[in-house]
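A short write-up of the structure that comes next.
The values are calculated or read from the model by the stated rules, or taken from the named source; none is laboratory data. The structure displayed is predicted, hence computed values, not measured ones. Neighbour counts run over all protein chains shown; Cβ positions are idealised from the backbone, glycine included. Surface accessibility is based on the protein's heavy atoms, side chains included, excluding ligands, DNA and RNA. Shrake-Rupley method; radii C 1.70, N 1.55, O 1.52, S 1.80 Å.
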Amino acid sequence: MIQTFTLKAKFLVLLLGICFSMVLFETDGSNNLRLYGHLFTANETATFVAILDQMQTELKLVVANLANNNGSLAQNHANKAASLLSPRILVEIAEDNPGLASDVRRAVIQLQNVTSSSESQQKSISERVNDLNKRLEGDAMVRIAQLPPSSSNILEALKSLASMFGGNNEELDQTTKIQALAFANVIDGVLINYGNAYRVGFDMTNMSNMAMIGNNSIPSPMAMSNPATGSNSGASNMNMNMNSMNRSSNNMTEHGGELNTGYSLVNVSDYQSANALATKAFEVFNAKLKHTTVSNNKNVTAYVTNLENGLTQLNDSIAKKASPLDVMMIVHTQIHPNLLEAFNLELRK
C-alpha cells in the first residue's frame, strides 16, 4: 500500500510539474505551448537495440501477412523495416558484422517488392527472416557486450563502505539498465503505431498530452512548493491525500473515454505493428528484465510485478482495440512509473 501511494504521488508530481513548467516557461514564437513527454534519458546503445527489436518485429509481420495472402500489408511492413534500416543504423550494424548489414539490406529491398508468393516461396522467406532475426538479436547482444565497465575503484569503495553501515550494496548492472531503456523505446513504438493506426492527431508518447486532456479533472486539494524541479524525486514537494489521487486517476480515465468515442481504426498495418511490438515488449521483459538480480530485491519486487501487470493490460487492451487514450494511460501511469522505479532509470531533463 505504501509503495502504491508513493508511485501515484510521483506520477502526479511529474504530471503536474510538466503542466506547470509548460505554462510558466515554455512557449514558441506563436505563443503555442511546447510539449515535453515522459522521456527517459537517451542512450545510443539502447536506441540501437530497440531499433533492431522493432526491425525483427516488422520482418515477422511481413512473413505473417504473406502467409495470409495479404501482399499489400506485407509490403507495408517491409517498407517499415526499410525505414528503420537508416544509413546510420546500417553503418552501426556493419561495424559489428558487415555480412549481416549487407544481407539485411538486400533482404529488405527484396521483401519490399514481394506482392504475392507461392507456398514454397513463403517457406523460403520465413526461413530467411528467422535467420536474419537471430543474427540481428546476436548483433544487439554483441553491441551491449562491447560497453565499457561503468564502475570504478572509487565507486566500489563507496559501495563497500555503504554496506558496512547497512546500506544496500546491490547495484543495477549496466546491461540490465540498457535493456530497460531499450524496452522503453519499444513501448514508445507501440504508442506511435497505435496513434497512427487511429490517426489521433497528437503524440501518444508525450505524457503532457495526456495532462492536457485530463487537466480539468485533477482535484484541487494539493500544495506544491517547487513544481518545476525537472526531477523524478519530487514527492516531498506535494501534500495530498489518497482519495484525491484516486479521484484524479479515475476522473482522467472517465474524461478520456468521453473524448475517445470518435476514434476509429484507419490503418491496419500500424495496428498490427502496435500489437506485435506490445508482444515483443513482453518477450523482452520476460527474457531480459523479469528475472534479473535487481528484480529479486524485495524492495523492487512490487514494481516489477506491477510492470508485468501493466504489460498484460497493455497487450489485452490492444488486442481488444481499446481507445487510444486508454492505451496511453496504461503506459504512462502503469508501465513507465514502475519501469522507472524498478530499474532506477532517469528522466530526461
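Taking region 34-65 as the range and being more than 25 Å from ALA140 (Cα to Cα) and at pLDDT 95 or above as the test, only ASN65 passes.
Matching residues to (1) among the β-branched types (Val, Ile, Thr); (2) touching a Ser or Thr at 6+ places or on another chain (Cβ under 9 Å); (3) open to solvent by less than 20 Å² (accessible area, probe 1.4 Å); (4) part of a helix (DSSP H, G or I):
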position: GLN56; (1), (2), (3), (4): no, no, yes, yes
position: HIS77; (1), (2), (3), (4): no, yes, yes, yes
position: SER83; (1), (2), (3), (4): no, no, no, yes
position: VAL108; (1), (2), (3), (4): yes, no, yes, yes
position: LEU111; (1), (2), (3), (4): no, no, yes, yes
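Just the residues that are of a type in the set (S, T, N, Q), modelled with pLDDT of 95 or more and open to solvent by less than 50 Å² (accessible area, probe 1.4 Å), please, taken from region 125-178. Within region 125-178, SER126, ASN133 meet the criteria.
Entry remark, region 113-124: residues being open to solvent by 90 Å² or more (accessible area, probe 1.4 Å), under 14 Å from GLY71 (Cα atoms) and outside any loop (DSSP other than H, G, I, E, B) number 2 in total. Do we find a residue being among the hydrophobic types (A, V, I, L, M, F, W, C), over 18 Å from LEU73 (Cβ atoms) and either without any contact (Cβ under 8 Å) to a residue 24 or more places away in the chain or out of contact with any Cys (no Cβ under 9 Å at 6 or more places or on another chain) (or both) anywhere in region 111-131? No, that holds for no residue. Residues that are at pLDDT 60 or above and open to solvent by 70 Å² or more (accessible area, probe 1.4 Å): list the helices (runs of 4 or more DSSP H) wholly contained in region 224-325 that include at least 1 such residues. So the answer is 268-284, 301-319.
Restricting region 179-202 to residues that are out of contact with any Gly (no Cβ under 8 Å at 6 or more places or on another chain) and not in a helix (DSSP H, G or I) leaves a set whose member that is farthest from SER264 (Cα to Cα) is GLY201.
The set of residues in region 41-97 that are β-branched (Val, Ile, Thr) and within 22 Å of ASN185 (Cα to Cα) comprises THR41, THR45, THR47, VAL49, ILE51, THR57, VAL62, ILE89, VAL91, ILE93.
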